[in-house]
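Peer 1: Take this structure first; my questions come after.
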Amino acid sequence: MTIETKSCAAARPLKTCATAAELPLNQILGGDCIELMNSLPESSIDLIFADPPYNLQLKGDLYRPDNSHVDAVDDAWDQFSSFAAYDRFTQDWLKAARRLLKPHGAIWVIGSYHNVFRVGAAMQNAGYWILNDVVWRKSNPMPNFRGKRLTNAHETLIWASKEEASKYTFNYEALKQLNEGVQMRSDWVLPICTGHERLKNADGDKAHPTQKPESLLHRVILGTTNPGDVVLDPFFGTGTTGAVAKMLGREYIGLEREAAYREVAEERLSRVRKFDKEALSVTGSKRAEPRVPFGQLVERGMLRPGEMLTNNRGQMAKVRADGTLIADDVRGSIHQVGAALEGAPSCNGWTYWNFKRDGKTVPIDLLRQQIRAEMS
Ligand SMILES: C[S@@+](CC[C@H](N)C(=O)[O-])C[C@H]1O[C@@H](n2cnc3c(N)ncnc32)[C@H](O)[C@@H]1O
């Protein structure tokens, strides 16, 4: 099959590609996403972000109290004849997407109460393994103009791996730092896309009715991919996924049926610049850092057998030749002796003990960091 691609000003045909090396990286492909995904090589994509049609089933026009018309999502691409038709479409694109994912790949799907329950069930039926659902709470939601229901102030994202055994990417520390040192939770308060970020057409109207905020994609892509990973969005719209992926040094592939949206996305992406290398390196997982046994500090003469370590209360322990400590009648690892002195079930000996050099008190963790720096 041939696919229309719009990676440059004019559309040109693209052949079905069989290997990951032939992936149409950093391009927007025009056409139906299911056909397009079926033409791409299997097990070639690290992350899929999908913002599919919501099947809003809007009945009639909606007006604000001042009689102005609400620009709701009533486009043909969001219309399905029945729930059964929507379910068939959902099953088909989810199947095509799963074939594309690498064994350790993952997917994010965003939806509203109109579709997210159907999509979630279809994901589980298709073999995906749900990792979390995230509530995106909109800090500036549209009011409920008719006053007949609650203000619909959130959307739901489902994060799932290709299968239960997948070793999916999760940059725990980076997300924790993004959240000022506090573990990232599954409720995200972020504004909807407004102001200068909202793309407009020549008439000054919204270029797309459901443009997502870049902040949402920043969190998703930073937290669940690494630089150089390939991120595919089968419902590209204005290309929010591509724009954030490009800024963060990831590769993207966008699939979009409507030529007008592809043009908007193409223009947007041409203006996006990748952040510099230093800005892109994020806090890694502590668990991923190489393990340094305390004994190595003794073997290497950084601490001598017989040398005294102190805790912050001035209590002392002696370093032994095998890398254990002895304090009064307690002996064991730096962690065990620290825990015994504190009467605590556990203790991080690396941050608990200090040694003396040139009259100064220095944490032993500094010596571990020196060894780690040599290893990297
Ligand atoms: C909810 S919007 C995505 C908006 C996008 N996340 C953004 O930030 O701009 C869904 C998009 O999917 C496109 N679409 C719908 N059905 C499609 C299909 N079968 N194949 C490709 N694109 C499709 C629509 O044209 C629409 O732009």
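Peer 1: Antiparallel DSSP bridges in the chain: what percent, to the nearest 5?
Peer 2: 65 percent
Peer 1: What is the Cα centroid distance between segment 176-231 and segment 151-170, reported in whole angstrom?
Peer 2: Using only Cα atoms, the two centres lie 15 Å from each other.
Peer 1: While we're here: Cα centroids of segment 324-353 and segment 239-258: how far apart, whole angstrom?
Peer 2: Using only Cα atoms to place each centre, the spacing works out to 51 Å.
Peer 1: Would you mind ranking Thr169, Thr225 so that the residue whose beta carbon has the fewest other beta carbons within 10 Å leads the list?
Peer 2: Thr169, Thr225
Peer 1: Using the 10 angstrom Cβ neighbour count as an exposure proxy, how do Ile130, Ile253 rank, fewest first?
Peer 2: Ile130, Ile253
Peer 1: Right, something else. Under a 10 Å cutoff between Cα atoms, tell me which one of Met302, Met123, Met142 has the largest fluctuation in the Gaussian network model of the chain.
Peer 2: Met302
Peer 1: Can I ask one more? Just from its helices, what would the mean residue ellipticity at 222 nm be for the chain, if runs of 4 or more DSSP H residues each count -39500 (n - 2.57) and the sum is divided by every residue, rounded to the nearest 500 deg cm²/dmol?
Peer 2: The per-residue figure over the chain is -8000 deg cm²/dmol.
Peer 1: A further question follows. Against the longest alpha carbon principal axis of the chain, how many degrees, from 0 to 90 and to the nearest 10, is the axis of helix 365-375 turned?
Peer 2: 60 degrees
Peer 1: Roughly how many debye, to the nearest 20, is the charge dipole of the chain about its Cα centre, given +1 on each Lys and Arg Cβ, -1 on each Asp and Glu Cβ, and no other charges?
Peer 2: Computed about the Cα centre, the dipole is about 980 debye.
Peer 1: Measure nothing fancy, just the Cα-based angle from helix 83-100's long axis to the longest principal axis of the chain, in degrees from 0 to 90, nearest 10.
Peer 2: Between helix and principal axis, roughly 50 degrees.
Peer 1: Oh, and also: Mean-square fluctuation check for the chain, GNM, Cα pairs under 10 Å: which of Pro143, Pro227, Pro209 is largest?
Peer 2: In the Gaussian network model the winner is Pro143.
The numbers here are math on the coordinates, done by the rules we state, and not lab data. Please read these numbers as outputs of a predicted model, since none were measured by experiment. Glycine gets a Cβ as well: all are built from the backbone with ideal geometry, and neighbour counts include every protein chain shown.
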